[in-house]
Amino acid sequence: MRLLELSSGDRLPVLGQGTWHMGERRADRPAEVAALRHGLELGLGLIDTAEMYGDAESVVGEAIAGRRDEVFLVSKVLPHHATLRGTIQACEASLRRLGTDWIDLYLLHWPGNVPLEETVEAFDRLRTDGKIRQFGVSNFDAADLDELWTLDTGRQAVTDQVLYNLTRRGPETGLLPWCRARGLPVMAYSPIEQGRLLRDPLLREVARRHDATPAQIAIAWVLQQHLVCAIPKAADPEHVEQNAAALDIALTEEDLADLDRRFPAPDGPVPLEML
């Protein structure tokens, strides 16, 4: 498993497991738990969740029970909870749902109206208390990161999690260069655009060259970007195995050129997109 090093010195798998919409149907829960556990067996120890994801945190908690040391666990606080007191309370509630004493990486889910200084102070207290190991942000564009970097403790953020895939290449025009200049890794969510990429004829053609699926090619493309990891969701073990196989795909120069023509990067700045 390839690893990505954070500024804190921690390392995490470049390919992880997303959990958005997990826990929404009781009938799906056994398969979701099995998928996450199978992912751990395959080395996909990065698991991403959030308080906003409903019952997903409890699904994760069930999946990682007895296996906590195998997991790099990520969760997030909602912006309207991100006051000093609210962040701490939200984190403690997530810990209860996850059935763990600590979260490896705790993120502010997106920029909100609470001053960043207050949220960062809460993150620092949680870190001091051992409830989180490090913190970061999600859905921050370069201007938001500029604001975060005005705070001494804010500069200790270790990642920015954003929407990034072949059809959402806006981060390449400003955000990714900003992050790379400072050695700040980016976590890419929805690397297959919630499945909408899979019908594309060119993506299917590239997949045929590698005896792969379009989803694997889309994930492999994200994984070939410098300082980027990906967190696709998989709700059953077979899907997890397909995602993991993307690690073995090395896209050629021809592949990358074809994908660039089909999914060109924007010519100028694009506002950061969210799903």
task: Filter segment 187-204 down to residues that are assigned to a helix (DSSP H, G or I), at positive phi and either buried (at least 22 other Cβ atoms within 10 Å of the Cβ) or touching an Asp or Glu at 6+ places or on another chain (Cβ under 8 Å) (or both), then give me how many there are.
output: 0
- request: Taking residue 258 as the residue in question, decide whether it is among the acidic types (Asp, Glu) and under 27 Å from residue 60 (Cα atoms).
  value: no
- request: Check 222, 270, 240 and return the single one that is part of a helix (DSSP H, G or I), under 16 Å from residue 172 (Cβ atoms), under 22 Å from the mean Cα position of the chain (by Cα) and not small (Gly, Ala, Ser).
  value: 222
message: Pull out all pairs, ordered by first then second residue, where Cβ-Cβ is under 7 Å, the residues are six or more apart or on different chains, the first lies in segment 136-159 and is more than 24 Å from residue 9 (Cβ to Cβ) and modelled with pLDDT under 95, and the second is part of a helix (DSSP H, G or I) and among the polar types (S, T, N, Q).
response: none
- request: Among the candidates 43, 39, 23, single out the residue that is under 17 Å from the mean Cα position of the chain (by Cα) and surrounded by 20 or more Cβ atoms within 10 Å (Cβ to Cβ).
  value: 39
query: Does at least one position in segment 86-94 carry a residue that is surrounded by 15 or more Cβ atoms within 10 Å (Cβ to Cβ), within 18 Å of residue 274 (Cβ to Cβ) and without any contact (Cβ under 8 Å) to a residue 40 or more places away in the chain?
result: no
Residue match in segment 47-65 (condition: touching a strand residue (DSSP E or B) at 6+ places or on another chain (Cβ under 7 Å), part of a loop (DSSP other than H, G, I, E, B) and either of a type in the set (S, T, N, Q) or closer than 18 Å to residue 129 by Cβ (or both)): yes
- request: Pick out the one residue from 95, 78, 105, 36 that is more than 19 Å from residue 244 (Cα to Cα), touching a helix residue (DSSP H, G or I) at 6+ places or on another chain (Cβ under 6 Å) and not basic (Lys, Arg).
  value: 78
- prompt: In the set 74, 120, 114, which member is over 14 Å from residue 56 (Cβ atoms), out of contact with any Pro (no Cβ under 6 Å at 6 or more places or on another chain) and not in a helix (DSSP H, G or I)?
  reply: 114
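The values are calculated or read from the model by the stated rules, or taken from the named source; none is laboratory data. Please read all numbers here as calculations on a predicted model, not as lab measurements. Glycine also receives a Cβ, built like all others from the backbone with ideal geometry; neighbour counts cover every protein chain displayed.
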